[in-house]
Amino acid sequence: MKLAIFLFLVVLIGFLAYVRLAPSDPDFWHVDPLNAKKGRKKNVFIQRPDEGKYPSPEFTLDVQTLAQRFDDFALADENVSRLAGSPKEGFVTYVARSQMMRYPDYISVRFIDLGQGRATTAIYSRARFGYSDRGVNRRRAMGWLKALAAQL
């Protein structure tokens, strides 16, 4: 019995270490939201301009300013870091880690110039582990955009 408990704890600690320390390959996770496919998992949220239940909002900003302000806003969260891309490129992928377990979610954002000083976003947010995230990726993306709009 003691051996079974010990082995269970070793496996559990190994899994938790893997979740926290597994490398994030930018070549795999830096995916353009305009080309992303949802698949079968429920832990994915895709938002594109004029598409779906949650179309991307428009901002009265040029695309570079929107990209920089979004980046500043996202990186102000201590649980978020930039994995690939940059605001200058107009395409960034962030890693957001959950508070307690430190599970990584990947949020790829494409900034789109609509002309005449207007811009919008396309967002592809997904969890690395698990099948369902109970809407966390959708709520995060929508919350970021709502808070950013309130700041502007």
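Laboratory data are not the source of any read-out in this text; all were calculated from the coordinates shown. Predicted model only: the values in this text are computed from it and were never measured. Cβ placement follows ideal geometry from the backbone for every residue including glycine, while neighbour counts extend to all protein chains displayed.
With a Cα cut-off of under 18 Å and a minimum spacing of 8 residues unless on different chains, the lysine pairs in the chain number 5.
Cα-based Rg of region 1-58 per 2.2 N^0.38 Å, rounded to two decimals?
With N residues counted in region 1-58, Rg over 2.2 N^0.38 Å equals 1.86.
In terms of other Cβ atoms within 10 Å, 102, 126, 110 run from fewest to most in the order 102, 126, 110. With neighbour counts taken as other beta-carbon atoms within 10 Å, the residues 93, 65 rank, fewest first, as 65, 93. Counted by neighbouring Cβ atoms within 10 Å, the residues 105, 62 run from fewest to most as 62, 105. The loop-placed trypsin sites (Lys or Arg not before Pro) in region 34-76, going by DSSP, that have at most 12 neighbouring Cβ atoms within 10 Å of their Cβ come out as 37, 38, 40, 41, 53. For the options 103, 124, 54, a Gaussian network treatment of the chain with springs between C-alpha atoms closer than 10 Å singles out 54 as fluctuating the most. Treating r as the C-beta distance of residue 98 and residue 118 and R0 as 35 Å, the FRET efficiency rounds to 0.55.
For the pair residue 16 and residue 88 in one chain, pulling the backbone fully straight at 0.36 nm per residue adds 22.4 nm over the alpha carbon distance.
The Cα-based radius of gyration and maximum Cα-Cα distance (Dmax) for the chain are 17.4, 70 Å. One decimal place: the segment residue 72-residue 9 gains 18.7 nm when fully extended, by the rule 0.36 nm per residue minus the C-alpha distance. Counting only DSSP beta bridges with both residues in the chain, the antiparallel share comes to about 95 percent.
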